[in-house]
Amino acid sequence: MCRTGHSAKRNVGPAGDNDGVLLKRLVDASREIGATRSRTRKTEIISEVLTSAESDEIETVVAYLSGELRQRRTGVGWRTLMELPKAADEPQLTVADVHDRLEEISRFKAAGSQAARREAVRALFGRATEAEQAFLRALIGGELRHGALDGVMLAATAHAARIPAARIRRAVMLRGATGPVAAVALTEGERGLEAFHLTLGQPVRPMLASTANTVAEALTKVAPDGAEAAVEWKLDGIRVQVHREGDRVRVFTRSLDEITTRVPEIVEAALTLPVTSAVLDGEAIALGERGRPRPFQETGSRTASSADVDDLRLRVPLSTYFFDLLHLDGEDVLDLPAGERQRRLDAVVPDAHVVPRVVTASTDEAQAFFADAVEQGHEGVVVKQLSGGYDAGRRGAGWIKVKPRHTLDLVVLAAEWGHGRRQGWLSNLHLGARDESTGELVMLGKTFKGLTDRMLTWQTEHLLALERHRDGHIVWVRPEPVVEVAFDGVQTSSRYPAGMALRFARVLRYRTDKTAAEADTAETVRAIHRRDERGL
C-alpha cells in the first residue's frame, strides 16, 4: 500500500509550531499497549498510530513506541530528569518537536555544556503535560517498557502497510533497523522494500538462538525427523559481524555498533582470508592459559574501550572465531542452507578461526560434545538446523542454545514497582545472600525475569505485607522470602558491596519451604565467582 496523503515535510504554522502527530497520541498508545496482553491488540494500536504519522515522523514513532531514542544517547542523566518544571496544562508537543529538541540536546558536547543541556531539558519538559513528562522521563531514561517488543513492531508495520510480515522482517534484517523500513513500507509500498539488500559495510541483524534445557531437547526441536544437526561450542565472548571488501575491514557488534578500531586482531584475521569480499558472523573472546576463556568482563571491557588499544591488546589479546558466512566473493549466501554455508566457511577460514563443531544425529555424541565444551570453560553449545537459511533478528527453531543451569536460593531484600504492562505490580527483585563473616545480607543483583503474572500478583501482595520502608519506586521488605534463581555465572562488580553480581539471573520459583537462614550464603556465591574468574 503506498501512502499518498502525507507530504515528506512537516507543515509549519504561523507561530512556528509543527503540525504532525501529537506526543499525547503516543502517550495514550503506550498506556493502551501496556494495559493489554493481546499481541493482536498491541499490533492494532501501533498500526493505527503509524498510519496517522507524516512520512518523516514514522522513524521517530517506531523508535519511541519501541522504547528507544533515535539519538541512542543524549547525555541527560537521571538527576536532571528528576528536577523538572511545572507541567503544561494542555498537550502541545508533537513527535517531531521532541525529536528535534533531543537532537539539539544530544549535540551539547563542549566543556561546561551541562547547564545548557539542563536548561534545554527543562524547556522541553515545560511544554509537556504531566502524562507526557512521565512518558519522556521513562523514554530518555531507558525505562519505557510497555510490551511493544520488536516482533510486535514488525507485525504492526506489516499490518499498517499491508505487506506480508516476512517481507518486512527480511528488509529489517538487511537494513539493521525497523524505523527506516517502516518509513519506506508506509510511503512506497512493497516495491520500495527492494532497495534493502545486503550491502558490504552495512551490518545486518544477527540471527539469534532460542533456548532448550537439554541437548536431547534441542536436537528434537532442530531435527524432529532424526536428521543430522550441527552442534557448536557456545563461546562467552562478544558477537561480531565482520565485513571485508578488498583491503578494507569493518567490525560490528551484535547491537550493530562499529568497533573496528578497537579490535585490530579481528581485522588482521579477516585480512588473512583468501577472499576478495566476505561477511562473516562470529565471536571475539579473550582466552587465558591453555585456551580457557578469561572472565567475560575482560572481553567486554576490552572491546568497549578505544583508549590505548595497543596496550590493551598486549594485556587482553582477543581470539577470533567464525561460525557463519553471509556473503562470499560477490555472492550473497545467507539464503543457502546452513550446511552449505558451513562448507563454504570451512573452505576459506582456517580451523584456528572456526568455532569447534560436530555434525551428528546422535544424542550421545552431541551430549559428549556439550560436556567437553563446558569442561573447557565455555558456556555450552548451540544446536543448528542444517537445512535452514540465515533468519536474522528473531529467535526461531533454527538455532537452539543449551547451557548448564546454575541455581541459588537467595533472599528478597526489596522490589521495584513495574512499568508498562507490569504497572501496579512489584516486579524487579533485589536479591541478596548472608555474609557469614559479618552476618549481614549483601546484595548480588536484580531481576524481573521469569516472573509470570500469577507470581507477580502473589509477590506484590506478599511483599507489601512485609514492607519496611520505601525509597522512591523501591519497596524495602523484611528479608524473609526466598527465591530460587537460575543464572549464567558470577562476575566482579563494583556496583555492589560484595564486589560481585549474578549474570542473567531469572526467577524459577519462590521457596516457601525455606527460611532466609536456609538460603545460600555469600561464601557459596564467592566460590562460584572464584571458579568463574579462573575459568574452571
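Here are some notes:
- When residues in the range 136-151 are screened for being open to solvent by 10 Å² or more (accessible area, probe 1.4 Å) and assigned to a helix (DSSP H, G or I), 5 of them pass.
- When the residues of the range 308-319 are filtered to those that are out of contact with any strand residue (DSSP E or B) (no Cβ under 8 Å at 6 or more places or on another chain) and not aliphatic (A, V, I, L, M), the one that is surrounded by the most Cβ atoms within 10 Å (Cβ to Cβ) is Arg313.
- Residue count for the range 371-398, restricted to those that are in contact with a helix residue (DSSP H, G or I) (Cβ under 8 Å, 6 or more places away or on another chain), hydrophobic (A, V, I, L, M, F, W, C) and modelled with pLDDT of 95 or more: 3
- Evaluation of Ala88 against (1) touching a residue at least 40 places away in the same chain (Cβ under 8 Å); (2) within 21 Å of Val62 (Cα to Cα) (one fails), failing number: (2)
- Tallying residues that are surrounded by fewer than 22 Cβ atoms within 10 Å (Cβ to Cβ) and not in a loop (DSSP other than H, G, I, E, B) within the range 386-407 yields 6.
- Test result for Val490, under 24 Å from Val374 (Cα atoms) and surrounded by 15 or more Cβ atoms within 10 Å (Cβ to Cβ): yes
- Qualifying residue in the range 165-188 (condition: in contact with a Gly (Cβ under 7 Å, 6 or more places away or on another chain) and open to solvent by 50 Å² or more (accessible area, probe 1.4 Å)): yes
- Residue within the range 241-248 that is at pLDDT 90 or above, surrounded by fewer than 19 Cβ atoms within 10 Å (Cβ to Cβ) and of a type in the set (A, V, I, L, M, F, W, C) present: no
- Qualifying residue in the range 283-299 (condition: touching a Lys or Arg at 6+ places or on another chain (Cβ under 6 Å) and either of a type in the set (A, V, I, L, M) or modelled with pLDDT under 95 (or both)): yes
- Yes/no for Pro264 being out of contact with any helix residue (DSSP H, G or I) (no Cβ under 9 Å at 6 or more places or on another chain), of a type outside the set (Gly, Ala, Ser) and surrounded by 15 or more Cβ atoms within 10 Å (Cβ to Cβ): no
- Looking across the range 314-341, just one residue is basic (Lys, Arg) and modelled with pLDDT of 95 or more, and that is Arg341.
- Given (1) closer than 30 Å to His197 by Cα; (2) in a loop (DSSP other than H, G, I, E, B), number of the condition His378 does not satisfy: (1)
- Which listed residue, of His197, His159, is more than 26 Å from Arg39 (Cβ to Cβ) and either of a type outside the set (A, V, I, L, M, F, W, C) or not in a loop (DSSP other than H, G, I, E, B) (or both): His197
- Failed criterion for His419 (all others in (1) in contact with a helix residue (DSSP H, G or I) (Cβ under 7 Å, 6 or more places away or on another chain); (2) modelled with pLDDT under 95; (3) open to solvent by less than 50 Å² (accessible area, probe 1.4 Å) hold): (3)
- Within the range 320-349, being free of Cβ contacts under 8 Å to residues at least 60 places away in the same chain and open to solvent by 20 Å² or more (accessible area, probe 1.4 Å) holds for Leu328, Asp329, Gly330, Glu331, Asp335, Leu336, Pro337, Glu340, Arg343, Arg344, Asp346, Ala347.
- When residues of the range 74-112 are limited to those that are assigned to a loop (DSSP other than H, G, I, E, B) and aliphatic (A, V, I, L, M), the one most open to solvent (accessible area, probe 1.4 Å): Ala111
The values are calculated or read from the model by the stated rules, or taken from the named source; none is laboratory data. Because the structure is predicted, anything quoted here is derived from the model rather than measured. When we count neighbours, we look across all protein chains shown, and the Cβ atoms used for this are built from the backbone with ideal geometry, even at glycine. Heads up: the accessible areas ignore ligands, DNA and RNA and are worked out on the full protein's heavy atoms, side chains in. Shrake-Rupley method; radii C 1.70, N 1.55, O 1.52, S 1.80 Å.
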